[in-house]
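**Q** To start, I am sharing the structure in question, which I have written as structure tokens.
A short reminder: the numbers here are calculations on the coordinates, not readings from a lab. Only a predicted model underlies this, so the values are computations on that prediction, with no experimental measurement involved. Virtual Cβ from ideal backbone geometry, glycine too; neighbours counted across all protein chains shown.
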Amino acid sequence: MNINQLKKEVIEYSKTIGIDKIGFATADPFTELKNRLIRQQELGYQSGFEEPDIEKRVTPALLLPEPRSIISIALAYPSKMKVRVEGKKGERRGFFSRASWGLDYHHILRDRLKKLEEFILAKVPDARLKSMVDTGELSDRAVAVRAGIGWSGKNCAVMTPEYGSYVYLGEMITSIPFVPDSPMEDQCGSCTACIDACPTGALVQGGQINAQRCIAFLTQTKAVIPEELRDKIGNRVYGCDSCQTSCPVNKGKDFHFHEEMEADPEIAKPLLRPLLKMSNREFKNKFGLVAGSWRGKKPIQRNAIIALAHFKDETAVPDLHAVLENETSNVLKETAAWALGKIGSPEAIEALEKAAATETDFEVKNEIEKSILKLKN
């Protein structure tokens, strides 16, 4: 088997199946990453969505016996919608981050990796392969950096010269000793645009993020969002792009290579008030195929309530009152009470006072009374 020829054939084939960039790395342990992950854990900066076993995150040999290389792939996604919709008074809209436009990227990348696996196995039938996307044990970004896909930006994203950070990443551990590509030099220099733009200060310093303050993380949680951070969320109902849109490398980067990644504007920028009335079935039918639906309906509804407060949308008062009266989720009720306090219209005060008279949950009642007190002082 001619390894160099096989690598060349894999690269050429990857272009025919919609892989925009491909790189090859060693399967050595990610020693430097391990030290960073341990430090993140000590500081309490992890999101909790990660693989809990750090050794699995940094040791390819724990995932595939005797690994010899890792293939990293990148697919560029759009940063602008082809068709735009705008919100207006009484019809305010939320916003899904760009990584949740179109079909769930996990499906897209798994499709490309499966095709790549089939191609390699046709050439090397006894090859051992293990592919993963995002939810796998390895760090997609660490693999991509080692494979020369891009460099690690101060916003903790992989920055590619061609596509900026608007890329989805996946990888395949192999038993084939592919010659590794060379990593790129860091090109961020002294720029701190992403750090300066982060609404919550989640970017502690270049290359270090406190996930507990990151809006992309907060919008995916199921708990009540800390009050100090609610105003920072704005009208984001899933994810955050501030550290990407502020990056000079990303300026002008907008690629529409993959039809399945194109945004449906009514999904990517949904009307907020209808979200509060959606049944589980309606939510699944409309949002079930996008990445931002993975945590279910409730987090999106909670974020929609925060967005309505952001707009101080007085037309939403009846909807928020209905949440207080009819919703079973205390997270939504508590957030609705806060939102009515932010809107602060006479109708909002009336809704809060009605709810205060019947609410039995301590936390929700406390939020209602706190909102009333603020409005009357």
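**Q** Could you give the length gained on full extension between LEU62 and GLU363, defined as 0.36 nm per residue of separation minus the Cα-Cα distance, in nm? Don't skip to the end; give the middle numbers.
**A** On the way: separation 301, 0.36 × 301 = 108.36 nm, distance 4.49 nm.
103.9 nm is the gain from fully extending LEU62 to GLU363.
**Q** May I ask you to derive the FRET efficiency for SER190 and ASP231 from their Cβ-Cβ distance with R0 = 22 Å, giving the value to the nearest 0.05? Before the final figure, lay out each step's value.
**A** On the way: r = 30 Å, r/R0 = 1.38.
Calculated value: 0.15.
**Q** For helix 3-16, what angle does its Cα long axis make with the longest principal axis of the chain, in degrees from 0 to 90 and rounded to 10?
**A** Orientation of helix 3-16: about 40 degrees from the principal axis.
**Q** List the pairs from LYS222/LYS365; LYS269/LYS354; LYS7/LYS251; LYS277/LYS374 whose alpha-carbon separation is above 23 Å, in the order I gave them. Don't skip to the answer; put the middle values down first.
**A** Details: LYS222/LYS365 20 Å; LYS269/LYS354 32 Å; LYS7/LYS251 33 Å; LYS277/LYS374 28 Å.
With Cα atoms farther than 23 Å apart: LYS269/LYS354; LYS7/LYS251; LYS277/LYS374.
**Q** Could you order the peptides 194-201, 155-162 from most to least packed, using the average number of other C-beta atoms within 10 Å per residue? Kindly include the intermediate steps, with their values, before the conclusion.
**A** Details: 194-201: 17.9, 155-162: 20.8.
Highest-to-lowest ranking by the protection proxy: 155-162, 194-201.
**Q** Right, here's the next one. Please state the shape class of the stretch 210-271: rounded when a/c is under 1.5, otherwise prolate if a/b exceeds b/c and oblate if not, all from the C-alpha gyration tensor.
**A** Values: a/c = 2.48, a/b = 1.53, b/c = 1.63.
The shape class here is oblate.
**Q** Checking a compactness column here: for the stretch 265-352, what do you get for Rg(Cα) / (2.2 N^0.38 Å), N being the number of residues?
**A** 1.06
**Q** Quick one: angle between helix 330-343 and the longest Cα principal axis of the chain, in degrees between 0 and 90, rounded to 10, please.
**A** For helix 330-343, the angle is close to 60 degrees.
**Q** Can you compute the charge dipole magnitude of the chain about its Cα centre, using +1 on each Lys and Arg Cβ and -1 on each Asp and Glu Cβ, nothing else charged? Give it in debye, rounded to the nearest 20.
**A** On the way: 53 positive and 52 negative charges, 93 e Å.
Dipole of the chain, to the nearest 20 debye: 440 debye.
**Q** So, one more: Cα gyration tensor of the stretch 214-311, axes a ≥ b ≥ c as square roots of the eigenvalues: rounded (a/c below 1.5), prolate (a/b > b/c) or oblate?
**A** Details: a/c = 2.01, a/b = 1.17, b/c = 1.72.
The shape class here is oblate.
**Q** Could you give the length gained on full extension between THR31 and GLU314, defined as 0.36 nm per residue of separation minus the Cα-Cα distance, in nm?
**A** Roughly 96.5 nm would be gained on extension.
**Q** Roughly how far apart, in whole Å, are the Cα centres of the stretch 211-282 and the stretch 78-140?
**A** The stretch 211-282 and the stretch 78-140 have Cα centres spaced 16 Å from each other.
**Q** Pulled fully out, how much extra length does the chain show between ASP111 and GLU55, if you take 0.36 nm times their separation in residues and subtract their Cα-Cα distance?
**A** Roughly 17.4 nm would be gained on extension.
**Q** When ranked by the protection proxy of mean other Cβ atoms within 10 Å per residue, highest first, what sequence do the peptides 238-245, 143-150, 172-179 form? The partial results should precede the final answer.
**A** On the way: 238-245: 22.2, 143-150: 26.1, 172-179: 18.8.
Result, highest mean first: 143-150, 238-245, 172-179.
**Q** To continue, here is another question. Enumerate the amide H contacts of GLY170 below 5 Å, restricted to partners 5 or more residues apart or on another chain; note that Pro and chain-start residues carry no placed amide H.
**A** Here ILE73 satisfy the definition.
**Q** Only Cα pairs under 8 Å and at least 6 apart count here; give the relative contact order of the chain as a rounded whole percent. It would help to have the intermediate numbers written out before the result.
**A** On the way: 687 pairs, mean separation 75.3, N = 377.
Computed over the chain, the figure is 20 percent.
**Q** Using each residue's phi in the stretch 34-44, evaluate 6.51 cos²θ - 1.76 cosθ + 1.60 at θ = phi - 60° and report the 3J(HN,Hα) Karplus result to the nearest Hz, with x for Gly and Pro.
**A** Result, ordered by residue: 4, 4, 5, 5, 4, 5, 4, 5, 4, 7, x Hz.
**Q** For the chain, which cysteines have no disulfide-compatible partner, meaning no other cysteine Cβ under 4.7 Å?
**A** Singleton cysteines: CYS156, CYS188, CYS191, CYS198, CYS214, CYS240, CYS247.
**Q** Let me ask something else about it. In vacuo Debye scattering of the stretch 316-377, one point per C-alpha: log10 I(q)/I(0) at q = 0.14 Å⁻¹?
**A** Those come out to -0.28, one per q.
**Q** Right, here's the next one. Just need the relative contact order of the stretch 215-352 here, percent rounded to a whole number, with Cα pairs under 8 Å and 6+ apart.
**A** So the answer I get is 29 percent.
**Q** Still on this structure: I need the peptides 53-60, 95-102 ranked by packing, meaning the mean over residues of other C-beta atoms within 10 angstrom, with the highest value on top. Before the final figure, lay out each step's value.
**A** On the way: 53-60: 17.5, 95-102: 22.1.
Highest mean packing first, the order is 95-102, 53-60.
**Q** Amide H of ILE209 versus every other amide H placed in the peptide plane: which residues, excluding those fewer than 5 positions away on the same chain, fall under 5 Å?
**A** Amide H neighbours of ILE209, under 5 Å, 5+ apart: VAL204.
**Q** Residue by residue through the stretch 289-306, what is 3J(HN,Hα) from phi via Karplus (6.51 cos²θ - 1.76 cosθ + 1.60, θ = phi - 60°)? Round to whole Hz and write x for glycine and proline.
**A** Listing the rounded values in order: 9, 9, 4, x, 9, 5, 8, x, 6, 4, x, 5, 5, 4, 5, 5, 4, 4 Hz.
**Q** Only counting other Cβ atoms within 10 Å, I'd like ASP361, ASP181, ASP20 sorted with the fewest neighbours first. Don't skip to the end; give the middle numbers.
**A** Working: ASP361 12, ASP181 16, ASP20 21.
Final ranking by Cβ density, sparse to dense: ASP361, ASP181, ASP20.
**Q** Find the centroid of the Cα atoms in the stretch 307-334 and in the stretch 51-65, then give the distance between the two in whole Å.
**A** What the calculation gives is 44 Å, centre to centre.
**Q** What are the ³J(HN,Hα) values, in whole Hz, obtained from phi via the Karplus relation 6.51 cos²θ - 1.76 cosθ + 1.60 with θ = phi - 60°, for each residue of the stretch 118-128 in sequence order, with x given for Gly and Pro?
**A** 4, 5, 5, 5, 5, 8, 10, x, 8, 5, 10
**Q** Per the helix-only calculation at 222 nm, which mean residue ellipticity applies to the chain, given -39500 (n - 2.57) for every DSSP H run of n ≥ 4 and division by its residues, nearest 500 deg cm²/dmol?
**A** On the way: 17 runs with 163 residues, N = 377.
After summing the helix terms and dividing by residue count, I get -12500 deg cm²/dmol.
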